[in-house]
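Contents: one structure, followed by commentary.
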Amino acid sequence: MTRPPAHPPGCVHCTTLHPHWDRSLPPAHVVADGAVVTMTCPDAANGLLGPDSTSQDIADIDFGMLDPLCGPIYVEGAEPGDSLQVEVQRIDLAPWGWTGLLKGFGLLADEFPQAYFRSFDLTRDSVDIFGVPFPLRPMMGVLGVAPAASGPHASITPTRAGGNIDVRYLSTGATIYLPVFNSGALLSGGDGHALQGEGEISGTAIETPMTATVRVKVLKRQSLRAPVLDISTQRYAETEYRDFLGIGPDLFQASREATRYAVDALSAHFGVEPYEAYAVLGMVAELRIHEIVDQPNWVVGCLIPRRLFERRAFPAGA
């Protein structure tokens, strides 16, 4: 997964970065309808962290530098009222990545204010989490076009124009259809992930620099109200889970409750600090709405692969 990219002849290579969405930004490249483009992007920390970073480094990080965008790419022929088809052909990862907890970020940020950092070797096909191997699942966290409204707009915020949607299935072979709001669409991408859970609960996945290869196609007069994805879930082979339920009249609070129960269970099983268990959820947990019609209470589940609980807990002090 980290071998040098092999791109088709005529591929446009984009390395230009910008800090936010803004329809007034000049395009980094102008490409024809049907072009193949690579986007070479730093990690979500914009290169401020490295394999030997520490929790203090993540505590001191400049939030204004996070989530850089690669682009924008002007696609000839794209006009408001059209849609842009973007096929993800390939994702090449850097040899390392990281996960962590950032102050004020994540579903339970108020309960886990401490900074945390862990790096991963991505030169193999899997990573070790509490002694259990999890295959790498490279994906793009960010892919979108410039919004209709004048900018700037924060790069971290998803909108109807796409952006930081963090759908973990936006990987090789997936296609996203984006509404076009400006001439040329002004496509940008970034936020490489080696492994992400459903919901990116703790605020980060395994973040990593990446080069993504995409093909763009303009679909004339095929307007969309919001992005649509064609995806495959076959790479996510988990079939057995332990499901922690949050039940109540507020979906957000039910999600927090389910997450809290999952954190407590992982922490107790492995004898680790709760914040470390919480960080793991961003990589492997799946947050799902199970039931939303029997008001006043709704049901949210935080699903953890059951094989984690089948592993023997670490000896005390390990």
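The values are calculated or read from the model by the stated rules, or taken from the named source; none is laboratory data. Since we're looking at a predicted model, the values are computed, not measured. Every residue, glycine as well, gets a Cβ built from its backbone with ideal geometry; the counts of neighbours run over all protein chains shown.
Pairs are defined by a Cβ separation below 8 Å, a sequence spacing of at least 6 or placement on different chains, a first member in the range 201-226 that is closer than 14 Å to residue 99 by Cβ, and a second member that is among the hydroxyl-bearing types (Ser, Thr, Tyr) and crowded, with 24+ Cβ neighbours inside 10 Å; the pairs so defined are 201/259; 201/278; 202/99; 202/278; 204/99; 205/99; 206/99; 207/99.
Might you check whether a residue that is crowded, with 16+ Cβ neighbours inside 10 Å and touching a helix residue (DSSP H, G or I) at 6+ places or on another chain (Cβ under 9 Å) occurs anywhere in the range 157-168? No, the conditions are met nowhere in the range 157-168. For residue 103, the criteria (1) outside any strand (DSSP E or B); (2) modelled with pLDDT of 95 or more hold in every case but one, which is (2).
Of the residues 303, 308, only one is of a type outside the set (Ser, Thr, Tyr), buried (at least 18 other Cβ atoms within 10 Å of the Cβ) and assigned to a helix (DSSP H, G or I); which?
Numbers: 303 fails: assigned to a helix (DSSP H, G or I).
Of 303, 308, the one residue that is of a type outside the set (Ser, Thr, Tyr), buried (at least 18 other Cβ atoms within 10 Å of the Cβ) and assigned to a helix (DSSP H, G or I) is 308.
How many of the residues making up the range 154-167 are in a loop (DSSP other than H, G, I, E, B) and either polar (S, T, N, Q) or touching a residue at least 60 places away in the same chain (Cβ under 8 Å) (or both)?
If we filter the range 154-167 for residues that are in a loop (DSSP other than H, G, I, E, B), which is where we start, we get 155-158, 160-161, 164-167.
Those still in the list that are either polar (S, T, N, Q) or touching a residue at least 60 places away in the same chain (Cβ under 8 Å) (or both) too: 155-157, 160-161, 164-165, 167.
Number satisfying all stated conditions: 8.
Residue-level analysis places residue 247 outside the set of residues that are closer than 30 Å to residue 297 by Cα, aliphatic (A, V, I, L, M) and assigned to a loop (DSSP other than H, G, I, E, B). Right, residue 301: among the small types (Gly, Ala, Ser), under 12 Å from residue 198 (Cβ atoms), without any contact (Cβ under 8 Å) to a residue 60 or more places away in the chain and not assigned by TED's automatic domain parsing to the domain that holds residue 199 or not? Yes; evaluated as a whole, the condition is true for this residue. Taking the numbered list (1) of a type in the set (Lys, Arg); (2) in contact with a Lys or Arg (Cβ under 8 Å, 6 or more places away or on another chain); (3) within 30 Å of residue 295 (Cβ to Cβ) in turn, residue 235 passes all entries but (3).
Suppose we filter 84, 107, 25 for residues that are under 18 Å from the mean Cα position of the chain (by Cα) and surrounded by 18 or more Cβ atoms within 10 Å (Cβ to Cβ); which single one remains? Can you show your working first?
Numbers: 84 fails: under 18 Å from the mean Cα position of the chain (by Cα); 25 fails: under 18 Å from the mean Cα position of the chain (by Cα).
Only one candidate qualifies: 107.
Out of 236, 275, one residue alone is outside the structural domain of residue 77 (by TED's automatic domain parsing) and either modelled with pLDDT of 95 or more or loosely packed, with under 14 Cβ neighbours inside 10 Å (or both). It is 275. Just one of the listed residues (232, 267) is within 30 Å of residue 147 (Cβ to Cβ) and hydroxyl-bearing (Ser, Thr, Tyr), namely 232. Checking each residue in the range 18-28 for being closer than 14 Å to residue 69 by Cα and either free of Cβ contacts under 8 Å to residues at least 60 places away in the same chain or not aliphatic (A, V, I, L, M) (or both) picks out 18, 19, 20, 21, 22, 23, 26, 27, 28.
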